[in-house]
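Structure record follows, encoded as structure tokens.
The values are calculated or read from the model by the stated rules, or taken from the named source; none is laboratory data. What you see is a predicted model, and the numbers here were worked out from it, not measured in a lab. Using ideal geometry, Cβ is built from the backbone for each residue, glycine included, and neighbour counts are taken over all protein chains shown.
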Amino acid sequence: MPAPAPADSSPEPRGPLDVAALIPIVRRIVAARVPDRATADDLVQETLARVLAAVERIEPGMVEPYAIVTARNVVATMWRDQDRQRRHQHRVVDLRPPQLPDEDVLAQEDRAAMAEALTRLSERERSTLLAHEVSGQDTHSLAAELGSTAGAVAAQLNRTRARLRVEYLLAADRVEPSTPRCRPVLLALSSGDRRRQREVDAARHLLECELCARLSEPLMGRGRSRDDEVRVAVRADADVVAARQAARELAARLGFPPTDLTEIATAVSEVVRNIVRFADAGEVLVELLDSPRRGIRITARDSGPGIPDVQEALRDGYSTYRGLGLGLPGARRLMDEFAVASEPGRGTTVTMTKWREDR
Amino acid sequence: MIAGPRLFSILRQGTCLIASIHTALDDSQLVRFQHDLIATIGRDRARGVVIDVAALDVLDSFATCTLRDIGNMARLRGAATVIVGIQPEVAIAMVRLGLSTGVVETALDLEEGLALLDGRTAGSPDGRR
């Protein structure tokens, strides 16, 4: 690079270098190339630092040209760096989300809850589970050690996992179940075992027990998702229509004739209306049945006041509100099977089934 | 009033009102339908009302009860009521449930319903036309 001419314009005596005198020209050169003030200042500083470092090697009178060339080089270097950075930027993109400040604490709590949950398992359950999940031992060799079969070990592991999920949720929440029913219900939900859920009447317990309703939320998706059942939460008038439409749609899939579809929808309408009328909240479960025959079962549950005299309520004309008194007895006539279970103060469950005529 | 498509419409046809329900109504919507219809009967000085329930796939005890009430109220307001368009499956379910429309008359479709009302309002001693 040709050195600019004005070398002789500043005849400088050898000796202490007057750096301050260089500042205006360096600043002008840098400012002409770099618009950003802060960056420009940085580059001016760097240029001066380099000139100072090299001042011993510079011939007298050549300090200013040296500073000018240095300034240009510093700017060029910056541009080159920026360009390289731009070209390689895609390589340094960090796709991991930034660590949240509370992440550590949450992870610690998570670990503590898991450790606590593990201590609540039995020794045998714990060691089998850890051998399988952590050490990666397969079920065959575990079965050989335990004197059992691989299938049985796998089933036991499944039960252990279900228990661990429940204990983990309880430990993470730092609560103890309020009733002796809570744990079996949560366990049945966690294992996704529908038969067991029915045995312990899980759906009713969830309506009654606030704690379980909250805790069971992450467990609800467990178990094979089935498209042969529909649940409709019932709180308001509109849910009556939603429930009967859901029942009709499901029944239509099974090939019920139109007359039966209408009868099913009508029966659902009657039964679900009772939930809205007499209980604050309830739930309707519509299931398709395969055995002993194909059919549809509707279970309407509420946690309302209950029916004091079920036999009376099933009689035509019995009505406690401005109605025809045909709700329950009418629904019973429309369905093939019909059962009412009611406990005063605890709620009512109506179960009704219609079988498909095989022609 | 909630936004969205209208759930029912009440149209005037001569001295008659044609009230059509367009979709399944829940109980409170049925009650609103009843109020609107009775109010319209007075406002339009209607002599007859045709209620078209062809779009309904379910007529349960509450819906039937509401329709009967409408018929009785309309009669007290000087209008005759005909329910038209009850689907065959709905009719079967209603009978098995033990429901009927009581004293409120029914007709197969809108045409029959209007014909029935025509005979009724024309034959009545205070018929205006």
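Considering only the stretch A:192-259, give the helices (runs of 4 or more DSSP H) lying wholly within it that have at least 2 residues that are of a type in the set (A, V, I, L, M, F, W, C).
Ranges flagged: A:202-208, A:210-215, A:237-253.
Out of all the residues in the stretch A:53-75, which are among the hydrophobic types (A, V, I, L, M, F, W, C) and within 23 Å of A:T39 (Cα to Cα)?
A:A53, A:A54, A:A67, A:I68, A:V69, A:A71, A:V74, A:V75
Take A:E109 and tell me if it is over 25 Å from A:D193 (Cα atoms), in contact (Cβ under 8 Å) with a residue 60 or more places away in the chain, part of a helix (DSSP H, G or I) and not aliphatic (A, V, I, L, M).
It is true that A:E109 is over 25 Å from A:D193 (Cα atoms), in contact (Cβ under 8 Å) with a residue 60 or more places away in the chain, part of a helix (DSSP H, G or I) and not aliphatic (A, V, I, L, M).
Go through A:R165, A:R183 for me and flag whichever is of a type outside the set (D, E) and surrounded by fewer than 18 Cβ atoms within 10 Å (Cβ to Cβ).
A:R183
Restricting the search to the stretch B:74-100, which residues are surrounded by 17 or more Cβ atoms within 10 Å (Cβ to Cβ) and away from chain A (no Cβ under 14 Å)?
Those that are surrounded by 17 or more Cβ atoms within 10 Å (Cβ to Cβ) and away from chain A (no Cβ under 14 Å): B:A74, B:A79, B:A80, B:T81, B:V82, B:I83, B:V84, B:G85.
Cβ-Cβ below 7 Å, separation at least six or inter-chain, first residue in the stretch B:46-65 and under 23 Å from B:L116 (Cα atoms) and away from chain A (no Cβ under 14 Å), second of a type in the set (G, A, S) and in a helix (DSSP H, G or I): which pairs?
Filtered contacts from the stretch B:46-65: B:V49/B:A74; B:V50/B:G113.
I'd like to know if the stretch B:51-59 contains one or more residues that are touching a Gly at 6+ places or on another chain (Cβ under 7 Å), of a type in the set (A, V, I, L, M, F, W, C) and either modelled with pLDDT of 90 or more or surrounded by 15 or more Cβ atoms within 10 Å (Cβ to Cβ) (or both).
yes
Out of (1) within 10 Å of another protein chain (Cβ to nearest Cβ); (2) loosely packed, with under 14 Cβ neighbours inside 10 Å; (3) in a loop (DSSP other than H, G, I, E, B), what's the single condition that is false for B:V103?
(1)
So, in the stretch A:137-184, exactly how many residues are in contact with a helix residue (DSSP H, G or I) (Cβ under 6 Å, 6 or more places away or on another chain), closer than 19 Å to A:T119 by Cα and part of a loop (DSSP other than H, G, I, E, B)?
Here the count works out to 1.
Working only within the stretch A:234-247, note down all residues that are surrounded by fewer than 23 Cβ atoms within 10 Å (Cβ to Cβ) and either more than 7 Å from chain B (Cβ to nearest Cβ) or under 16 Å from B:V90 (Cβ atoms) (or both).
Listed by number, the residues that qualify are A:R235, A:A236, A:D239, A:V241, A:A242, A:Q245, A:A246.
Surrounded by fewer than 19 Cβ atoms within 10 Å (Cβ to Cβ), outside any strand (DSSP E or B) and in contact with an Asp or Glu (Cβ under 7 Å, 6 or more places away or on another chain), is that true of B:Q34?
Yes.
Search the stretch A:301-315 for residues that are more than 10 Å from A:G347 (Cβ to Cβ) and pair each with any residue that is surrounded by fewer than 16 Cβ atoms within 10 Å (Cβ to Cβ) and not aliphatic (A, V, I, L, M) when their beta-carbon atoms are under 7 Å apart and the residues are at least 6 apart or on different chains.
As it stands, the answer is A:P308/A:P344, since those pairs meet every condition given.
Which condition does A:Y318 not pass, out of (1) at the interface with chain B (Cβ under 9 Å from one of its Cβ atoms); (2) at pLDDT below 85, if it passes all the others?
Unmet for A:Y318, out of (1) at the interface with chain B (Cβ under 9 Å from one of its Cβ atoms); (2) at pLDDT below 85: (1).
For the stretch A:286-301, does any single residue satisfy the condition of being within 11 Å of chain B (Cβ to nearest Cβ) and under 33 Å from the mean Cα position of the chain (by Cα)?
no
Under the condition of being surrounded by fewer than 18 Cβ atoms within 10 Å (Cβ to Cβ) and aliphatic (A, V, I, L, M), which residue from the stretch A:328-353 is farthest from A:R294 (Cα to Cα)?
Filtering the stretch A:328-353 for residues that are surrounded by fewer than 18 Cβ atoms within 10 Å (Cβ to Cβ) and aliphatic (A, V, I, L, M), the one farthest from A:R294 (Cα to Cα) comes out as A:A341.
Restricting attention to the stretch B:52-87, which residues are assigned to a helix (DSSP H, G or I), among the small types (G, A, S) and closer than 12 Å to B:I21 by Cβ?
Selection gives B:A63 alone.
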